[in-house]
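Data first, discussion second: the structure below is written as structure tokens.
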Amino acid sequence: MNKKKMSTAEDASVEAAKRYVQKQLKLKQKVEQKAVEDKLKKERHAERQRIKAQQRLIAERENRERAERKQKLFEEKAKIARQKQIKRNVFYKKIKDALKNRRSGFDYCNRGLLPRIRIAANGDFTSVGSSLAASGIKVGDIQQSGGETLFTIRKKDSKKAIAILNKMCYNYRITASFGIGRTLAFCAARCGLIIGAVASVISMNILYGYVWRIQITGNDLLSTAAIEAALKHADVRAGQKKSNELLAKAAAALGQTDGISDASFEIVGTTLYVRVLESKDYVERPVYACYVSEYDATVTKLVVRSGTPLVKRGDVVKRGDVLISGDVYSTSGELLYTGNSDADVYGTVSIGYTAQIPATGIAFKRTGRKSVKTVLSLFGKQIGKATPPYRSYEMNSHTANYDLLIPLYVTSYTYWETTPVEYERDIDEAVAAFAESKKQEFKFVGELDYKYSVAATAAGMYSVHLFLTGELLISQGSENPIINA
């Protein structure tokens, strides 16, 4: 018995020793496995960091190359502008050099129509004047300058005056002559200016009697192009003479246009102002042979203006199912004809998206530098050009209307220089903005429910799985219905 007990105790101790060894082996394996997993995790992390660093270097290099290309293009444009300015300066200098010695463009003075001469005599102007006056010679513009007496006489008295000066032993010389020829030349030289001024006044008065621009306001539902087309169809367009008949034709044209309940017309300067009042219940809608579902959805609302509904609220439809039909049946169920249908069908739709959203964004901030440029517009033709002075900028424009005699518009462009600044994006705000963009894209009505999950990628991006659920217009007009089996 004692031997059996000892054998049993030894077996138990051996089993315990085996279990302990096995336990230690398992612990050792777990430690080794954890060490291997940690090593692999560190290697994967290092690999992701390396890939991210490489991608960052590639992005920086591409941004640097893009900036260098923009800078090179900007410098080339600036060089061309400087060359053009140098050519203009050379041209202006030639003109200034040619005209710098011509104060008025004429080398004579107009002194009347009768022929006269200007004489300069060496002597006292009192003696010269009294001697000529005593002989009945009319003297004018007597001046004393540097020991000489300058005076003007009629040309027919020149022989008598020269004889008197010779008798007084005065030296003399004729400095200038005047008469009708000089006067005519004076007038002819300024004839172009006078004709141009008269022509400008006449042209402005003639142009002021015409309509050169049509401005339409008050239209929200109807497009401006549709209203302009209605006016052109009634022969109301720019370039026509102002008249009550023109206003009457415009009123008749818009009075027969669908969607306009009233309109007023006024001509101010050379602009015809058209102010329309749209019908509140007017909606320009096309009609189709039938309406099919554009999505897999659950029908929530039907607005049937014409046609036969084939579904009801709560029905589950698939994409391509016919919702509204234009078929007209007899009381016996026989198809009589296929007419037009007009309806709106709404349903609850669920849409899933996967998008890659960058972890960082770029915001443009103003540097404080500003530039203002002005452009004129006359008779629809632009005078000047507003070239942006900065590579990155924000712009605002303001147009002033000087439509008093001629259709003149002055547009002022204000440029603010901006610079890109990188910032860390809030992923929740980015997903909310993405969901809002999808709501605007698909025109969801009412509240839009969305759920999403986000996972970071090795490329510094967020992988977003977005699931949208909401009500939207699911009906789509079709001329060839395709009924799903």
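A few notes on this one:
- GLY477 meets the conditions (1) small (Gly, Ala, Ser); (2) assigned to a strand (DSSP E or B); (3) free of Cβ contacts under 8 Å to residues at least 40 places away in the same chain in every case but one. The failed one is (3).
- ILE95 under 28 Å from CYS191 (Cα atoms) and either in contact with a Gly (Cβ under 6 Å, 6 or more places away or on another chain) or at pLDDT 75 or above (or both): no
- Candidates ARG237, ARG213: the one that is over 30 Å from LEU473 (Cβ atoms), out of contact with any strand residue (DSSP E or B) (no Cβ under 7 Å at 6 or more places or on another chain) and not hydrophobic (A, V, I, L, M, F, W, C) is ARG237.
- Restricting the range 334-383 to residues that are open to solvent by 50 Å² or more (accessible area, probe 1.4 Å) and part of a loop (DSSP other than H, G, I, E, B) leaves a set whose member that is modelled with the lowest pLDDT is GLY380.
- Condition check for ALA458: at pLDDT below 80, surrounded by 12 or more Cβ atoms within 10 Å (Cβ to Cβ) and out of contact with any Phe, Trp or Tyr (no Cβ under 6 Å at 6 or more places or on another chain): yes
- LYS79, sole failed condition from (1) within 30 Å of ARG391 (Cβ to Cβ); (2) open to solvent by less than 100 Å² (accessible area, probe 1.4 Å): (2)
- Any hit, the range 390-411, residues being open to solvent by 50 Å² or more (accessible area, probe 1.4 Å), touching a Phe, Trp or Tyr at 6+ places or on another chain (Cβ under 6 Å) and aromatic (Phe, Trp, Tyr): yes
- The residues of the range 219-254 that are small (Gly, Ala, Ser), open to solvent by 40 Å² or more (accessible area, probe 1.4 Å) and either under 22 Å from GLY209 (Cα atoms) or part of a helix (DSSP H, G or I) (or both), listed by number, are ALA225, ALA226, ALA229, ALA238, SER243, ALA248, ALA251, ALA252.
- Pairs linking a residue in the range 412-430 that is under 27 Å from VAL454 (Cα atoms) to a residue that is modelled with pLDDT under 80 and among the small types (Gly, Ala, Ser), with Cβ atoms under 6 Å and 6 or more positions apart or on different chains, are TYR423/GLY361; ARG425/GLY361.
- Matching option when the condition is more than 30 Å from PRO358 (Cβ to Cβ), small (Gly, Ala, Ser) and in a helix (DSSP H, G or I), among ALA53, ALA17, ALA46, ALA59: ALA17
- Evaluation of VAL445 against (1) open to solvent by less than 60 Å² (accessible area, probe 1.4 Å); (2) among the hydrophobic types (A, V, I, L, M, F, W, C); (3) at pLDDT 80 or above (one fails), failing number: (3)
- Selection status of TYR450, open to solvent by 60 Å² or more (accessible area, probe 1.4 Å), in contact (Cβ under 8 Å) with a residue 60 or more places away in the chain and in a strand (DSSP E or B): no
- The range 206-217 residues that are touching a residue at least 24 places away in the same chain (Cβ under 8 Å), paired with ones that are open to solvent by 70 Å² or more (accessible area, probe 1.4 Å) and part of a helix (DSSP H, G or I) (beta carbon under 9 Å, 6 or more apart): ILE214/GLU228; ILE216/GLU228
- Some residue of the range 300-318 being in a loop (DSSP other than H, G, I, E, B) and more than 30 Å from GLY470 (Cβ to Cβ): no
- Being in contact with a Cys (Cβ under 8 Å, 6 or more places away or on another chain) and in contact (Cβ under 8 Å) with a residue 24 or more places away in the chain holds for only one residue in ILE260, ILE324, ILE227, ILE267, and it is ILE324.
- Sole exception among (1) under 18 Å from ASN171 (Cβ atoms); (2) aliphatic (A, V, I, L, M); (3) outside any helix (DSSP H, G or I) for LEU132, by number: (3)
The values are calculated or read from the model by the stated rules, or taken from the named source; none is laboratory data. These numbers come from a predicted model, not from an experiment. No Cβ is skipped: glycine too gets one built from the backbone with ideal geometry, and neighbour counts run over all protein chains shown. Note: accessible area is taken over every heavy atom of the protein model, side chains too, but ligands, DNA and RNA are not part of it. Shrake-Rupley method; radii C 1.70, N 1.55, O 1.52, S 1.80 Å.
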